[in-house]
Amino acid sequence: MRIIAGDWRGRPLTAVGKGDPRAHLRPTTDRVRESLFNMLGGGRFGDPFDGARVLDLFAGTGALGLEALSRGAAHCTFVDDGRKALSLLRGNIRLLDCADRTRVITRDATRLPDTDTPCDLVFLDPPYGKHLGDKALTAARAAGWIAPGALVVWEESTPQEAPTGFAPLDQRRYGDTHATVLRAD
């Protein structure tokens, strides 16, 4: 795994090894991440990275949020509660020397603390087939994490319906990954 573009282009990330199948650690591949970020940065959604505050739910290795930071996001909050994921995430933050632009919340992504600093860009990559995405999005919105007009990128094994309070913008399929792009009302 590596950073695809931006300031840290080509920089390798911590090796995942076999990951943690019990914890459903399934990092977004470089190819899927590149396609997602090309779609997001292609002008249709403006420039979603420039100065953005990012929320990376079910962050795993942090590759999505770190890619956004590399492309110009101002800050990223990573949320995960898996031991292996948190170890890899913290290792990646150290590798890229970006701790000053990040916050790691060690918590279930469906039970977020309240915030008064909402995010403009949200990555949602829950364990496939566990129906946790809706719960996490609802929790994030209720706790003040999602700014009005925020862009949400939701990865799952099937296309996802837009929950109440979100408008569908796009859906793409990359192998066994379906990416649903939403806009918060």
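The values are calculated or read from the model by the stated rules, or taken from the named source; none is laboratory data. These figures come from a predicted structure and were not determined experimentally. We place every Cβ from the backbone using ideal geometry, glycine too, and count neighbours over all the protein chains shown.
Brief remarks on what is shown
- Yes/no for D116 being out of contact with any Lys or Arg (no Cβ under 9 Å at 6 or more places or on another chain) and under 23 Å from F49 (Cβ atoms): yes
- Residues of segment 48-89 satisfying the condition of being surrounded by fewer than 24 Cβ atoms within 10 Å (Cβ to Cβ), out of contact with any Leu (no Cβ under 7 Å at 6 or more places or on another chain) and not hydrophobic (A, V, I, L, M, F, W, C): D50, G51, R53, S70, R71, G72, H75, D81, R83, S87
- Filter result for R94 (of a type in the set (D, E, K, R), in a helix (DSSP H, G or I) and crowded, with 21+ Cβ neighbours inside 10 Å): no
- Only one of the listed residues (A99, A74, A52, A109) is in contact with an Asp or Glu (Cβ under 6 Å, 6 or more places away or on another chain) and at pLDDT 95 or above. That residue is A52.
- Scanning segment 123-135 for residues that are under 18 Å from P27 (Cβ atoms) and either touching a residue at least 40 places away in the same chain (Cβ under 8 Å) or among the acidic types (D, E) (or both) gives F123, L124, D125, P126, P127, Y128, K130, L132.
Condition check ((1) in contact with a Pro (Cβ under 7 Å, 6 or more places away or on another chain); (2) part of a loop (DSSP other than H, G, I, E, B)) across all residues:
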{"residue": "V79", "(1), (2)": "no, no"}
{"residue": "S87", "(1), (2)": "no, no"}
{"residue": "L137", "(1), (2)": "yes, no"}
{"residue": "V153", "(1), (2)": "no, no"}
{"residue": "A162", "(1), (2)": "yes, yes"}
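- Residues being touching a Phe, Trp or Tyr at 6+ places or on another chain (Cβ under 8 Å) and surrounded by fewer than 19 Cβ atoms within 10 Å (Cβ to Cβ) - total across segment 106-117: 1
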